[in-house]
Structure formats: C-alpha cells, structure tokens
Amino acid sequence: MSEMETSTPQTPAPALTGSGEGKYVYCIIRLDRSRDFGEIGIGGRARVFTINHNDLAAVVSDTPIVIYDPTRENVLAHEFVNETVMREFTLIPMSFGTVFRSEKDVAVLLKSTYQAFTDVLEKMRDKIEFGLKILWDRDKVVASIERDNDEIRRLKDEITRNAASSTYFARMQLGRLVEAAMEEASNRYVAHVHDQLKDVSVASRSNKVIGDRMILNAAFLVERKDERAFDEKVKEISLKFEDLLTFKYTGPWPPYNFVNIKLKLEKAT
Amino acid sequence: MGLLTNILLAPFLGPVWGTQWTLEKVDRVVREQLTDDTPIKEDLMALHLQLEMGEIDDAEYVRREAGIMERLREVREWRERFGMSTGGGPVRVADGDEEE
C-alpha cells in the first residue's frame with residue numbers, strides 16, 4: 001500500500017549512529033491532551049504516546065535513529081499501533097519507517113502542517129479503508145471462455161479435428177482470440193465488482209496488480225456506518241463467482257490510499 | 001560494476017565516439033538499475049501474497065524476506081552513494097517555507 005508521500009530533497013546521508021532519542025511517528029490524530037497507548041511500539045514493544053500541538057497529536061514511540069527494514073515483524077508492529085489508535089480515532093497514517101530526531105522536530109511538523117492535517121482529518125472523519133484483491137484461476141477461466149464463446153469453440157474444434165493439417169496461423173488466431181476474451185472477461189469482472197460496491201463506498205483506488213493471476217488490487221474508502229453493508233456486499237459477490245475467482249479481503253485499515261499530503265521533509269543531520 | 005567492465009574490456013566494435021555514447025548509456029542504465037527499488041518492492045508484495053494465499057509457510061517467508069531486505073539495503077547504499085534521496089532514516093520538516 002502506498003502511504004503519504006514524503007519528498008526528501010537531496011542531502012548527503014548522515015552517519016546513522018543513534019543516541020536513542022528519536023521518535024518513530026505512526027499517525028496523526030485529533031486530540032488536545034496527551035495519551036498513552038501502552039507498550040505496543042515498533043522495535044520491541046516501546047511505549048506509544050502522543051506529542052501534542054493544540055488539538056493535534058502525533059502518535060509516537062521512542063526509537064534509536066535507525067532505518068527500519070520493512071520486514072513483516074516491523075510492518076505488523078507499525079500496523080498494530082495504527083489499528084489500536086483507529087479503534088477510537090480518525091487518523092492520518094504516516095509512511096512506514098518515519099523517524100524524527102527529536103520531540104521538537106515532531107512538534108515542528110504538527111505546527112507547520114497544522115492546517116493540512118486538520119483538513120484531511122475532517123475529510124477522513126469516520127472513514128475506513130478496505131483492501132480487495134481478486135485473483136482468478138486461468139485454466140478455469142479459459143475453459144469457461146471456450147464453453148461460452150462460439151467463435152473460439154469452433155476454431156478450437158477445427159484445430160483438434162485437423163490436428164495434422166491445422167495451420168500455425170489458426171493456432172495463432174485462437175491464442176489471440178482467447179487472450180482478448182480473457183482481457184474482456186477480466187474487465188467485466190472488475191467493472192461488476194466496482195459497480196456492486198459503488199453504493200456502499202465513498203471512493204476507490206486501483207493499484208497495480210501483483211503477479212499474473214491477479215485481476216484487481218483495489219482499496220475502498222468506506223463510511224464506518226456502512227462497514228457491515230460493504231462487508232456483506234463483498235461476501236455476496238465472492239459467493240457468486242466462487243468457482244472462478246478468489247477474493248482476498250482485508251481491513252479495516254487507516255486510509256493509506258486516500259491520504260496524500262506532501263510533507264516537506266528533509267534528512268535530519 | 002561487472003557490466004561496465006565487460007564493455008570496457010570487450011573487443012573493439014565501432015568508432016570511438018560510438019563506444020563513448022554506449023558507455024554513457026550503459027552507465028545510466030546501470031545506475032537506474034542499482035538505485036531502483038520498485039522491482040524489489042514488487043517482489044516483497046508478491047512474496048506477501050504467496051503467504052496470504054497459503055502457498056508458502058512462515059519459515060519460507062522469513063527466509064526469502066531476508067534476501068529481499070538485503071537487496072533493499074543494497075539499493076539504499078547505492079542511492080546514498082549517488083547522493084539520491086532514500087526512504088527511512090531521520091527526517092525533519094524542511095527549513096524555510098511553511099506547509100504545502
């Protein structure tokens with residue numbers, strides 16, 4: 001999933017020898033007092049707390065100044081904190097691995113980006129994100145296409161009947177027809193899913209598909225009150241196509257795919 | 001940079017200016033490959049999908065993840081060497097202008 005984009009101007013990298021005073025930032029929420037979320041932070045259950053500025057708060061934990069690899073362990077820790085915070089708050093998620101050198105630097109972030117954060121928090125209020133990946137079984141889809149498409153069926157029969165004499169050209173043509181029919185089928189499934197989920201979501205975003213079996217890799221922004229309706233709709237569609245398609249449905253997530261604040265960040269020296 | 005060395009040591013194939021042009025192009029391609037973490041991130045997502053689909057187990061995931069992290073670190077080092085921006089590491093709000 002993509003997160004907020006941080007533009008880092010070109011500055012030579014500093015030596016990364018940490019003093020342990022850094023702050024790992026998970027998300028920004030609206031809260032006018034400090035708050036302790038317990039020892040659930042990244043890097044071995046660090047205490048998660050807030051750094052406040054007016055009615056905004058950055059949810060952070062202490063960290064040495066290091067670069068965090070996006071290992072599953074680290075990513076899960078980052079996500080777990082955001083999930084915990086999300087139970088009570090609307091949040092703006094920070095990119096994985098965002099480390100500030102000091103509490104003061106975080107305060108400067110809140111202060112200088114106050115208006116943008118406030119606007120986005122208002123827009124994202126009571127909204128959550130769901131991820132939906134759809135994979136298909138190529139063989140089964142091809143089989144169903146050959147069953148339903150007259151032209152393809154005829155051509156295939158012809159090739160099988162005259163196996164010896166069937167031309168390279170006929171085979172090529174068959175391959176091309178199947179390819180086109182598959183693309184059309186894929187588009188049709190995807191359009192159907194989007195159409196079905198339109199009324200129970202606020203927005204959607206399609207990301208690049210992963211691997212050759214995936215036909216949809218999308219994120220949906222959903223009102224909290226519609227969570228159940230969205231859920232039921234997804235189950236309904238996945239049942240309808242269970243023979244051909246595999247649905248991978250995840251969430252609720254913070255609105256990773258729908259928040260795009262360009263933060264003017266630079267490497268701290 | 002094995003590729004560059006191969007080109008440099010290759011038998012003479014054309015006029016000198018041609019070689020010069022090729023070198024610059026190769027240098028650019030090599031540099032792009034060394035500093036682009038997109039394919040590595042795609043591999044990581046594909047690996048994660050395999051785990052989600054139950055095609056590999058946790059142990060296998062962790063084993064292959066280690067290789068991917070190693071490649072990410074290498075790209076990060078090259079980016080730093082070329083003075084390009086890198087994800088991760090301490091950041092702060094840029095000096096000078098206010099937000100947006």
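Among the residues here, A:LEU216 does not qualify as closer than 30 Å to A:ARG125 by Cβ, touching a Phe, Trp or Tyr at 6+ places or on another chain (Cβ under 6 Å) and either buried (at least 16 other Cβ atoms within 10 Å of the Cβ) or of a type outside the set (Ser, Thr, Tyr) (or both). Of the residues making up the range A:235-243, one or more are among the β-branched types (Val, Ile, Thr), assigned to a helix (DSSP H, G or I), out of contact with any Lys or Arg (no Cβ under 8 Å at 6 or more places or on another chain) and under 19 Å from A:ASP195 (Cα atoms).
Given the criteria more than 13 Å from every other protein chain (Cβ to nearest Cβ) and either surrounded by fewer than 19 Cβ atoms within 10 Å (Cβ to Cβ) or modelled with pLDDT under 95 (or both), does A:ASP126 qualify? For A:ASP126, the condition - more than 13 Å from every other protein chain (Cβ to nearest Cβ) and either surrounded by fewer than 19 Cβ atoms within 10 Å (Cβ to Cβ) or modelled with pLDDT under 95 (or both) - is met. Pairing residues of the range A:84-110 that are more than 8 Å from every other protein chain (Cβ to nearest Cβ) with residues that are small (Gly, Ala, Ser) and buried (at least 19 other Cβ atoms within 10 Å of the Cβ), at Cβ distances under 7 Å and at least 6 apart in sequence or on separate chains, gives A:VAL106/A:ALA58; A:LEU110/A:ALA58. Might you check whether a residue that is out of contact with any Asp or Glu (no Cβ under 8 Å at 6 or more places or on another chain) and aromatic (Phe, Trp, Tyr) occurs anywhere in the range A:220-233? There is at least one residue in the range A:220-233 that is out of contact with any Asp or Glu (no Cβ under 8 Å at 6 or more places or on another chain) and aromatic (Phe, Trp, Tyr). Considering (1) closer than 22 Å to A:PHE247 by Cβ; (2) more than 8 Å from chain A (Cβ to nearest Cβ), say which one B:GLU74 fails and leave the rest. It is condition (1) that B:GLU74 fails. If only residues of the range B:53-71 that are closer than 17 Å to B:ASP36 by Cβ and hydrophobic (A, V, I, L, M, F, W, C) are counted, the one that is nearest to the other protein chains (Cβ to nearest Cβ) is B:MET69. Taken over the range A:193-230, the criterion of being assigned to a loop (DSSP other than H, G, I, E, B) and within 14 Å of chain B (Cβ to nearest Cβ) is satisfied by A:ASN207, A:LYS208, A:VAL209, A:ILE210, A:GLY211, A:ASP212, A:ARG213.
If the requirement is being farther than 16 Å from A:VAL141 by Cα, crowded, with 16+ Cβ neighbours inside 10 Å and either within 14 Å of another protein chain (Cβ to nearest Cβ) or in contact with a strand residue (DSSP E or B) (Cβ under 9 Å, 6 or more places away or on another chain) (or both), which of these qualifies: A:LEU263, A:LEU245? After applying the criteria, what remains is A:LEU263. With A:ASP231, A:ASP226 as the choices, which residue is under 18 Å from the mean Cα position of the chain (by Cα), surrounded by 15 or more Cβ atoms within 10 Å (Cβ to Cβ) and without any contact (Cβ under 8 Å) to a residue 40 or more places away in the chain? Within the list A:ASP231, A:ASP226, the selection yields A:ASP231.
Taking the stated definitions as given, is B:TRP21 modelled with pLDDT under 75, assigned to a helix (DSSP H, G or I) and either more than 7 Å from chain A (Cβ to nearest Cβ) or closer than 25 Å to A:THR71 by Cα (or both)? Yes: the conditions hold for B:TRP21. Considering each residue of the range A:99-117 in turn, at least one proves to be over 30 Å from A:SER186 (Cα atoms), surrounded by 12 or more Cβ atoms within 10 Å (Cβ to Cβ) and touching a Ser or Thr at 6+ places or on another chain (Cβ under 7 Å). Residue selection: A:ILE215 satisfies the criterion of being under 23 Å from B:GLU52 (Cβ atoms), in contact with a Ser or Thr (Cβ under 7 Å, 6 or more places away or on another chain) and modelled with pLDDT of 95 or more. Scan the range A:110-134 for residues that are in contact with a Gly (Cβ under 8 Å, 6 or more places away or on another chain) and not charged (D, E, K, R) and the total you get is 3.
The values are calculated or read from the model by the stated rules, or taken from the named source; none is laboratory data. Note that the structure is a prediction, hence the values are computed from the model and not measured. Using ideal geometry, Cβ is built from the backbone for each residue, glycine included, and neighbour counts are taken over all protein chains shown.
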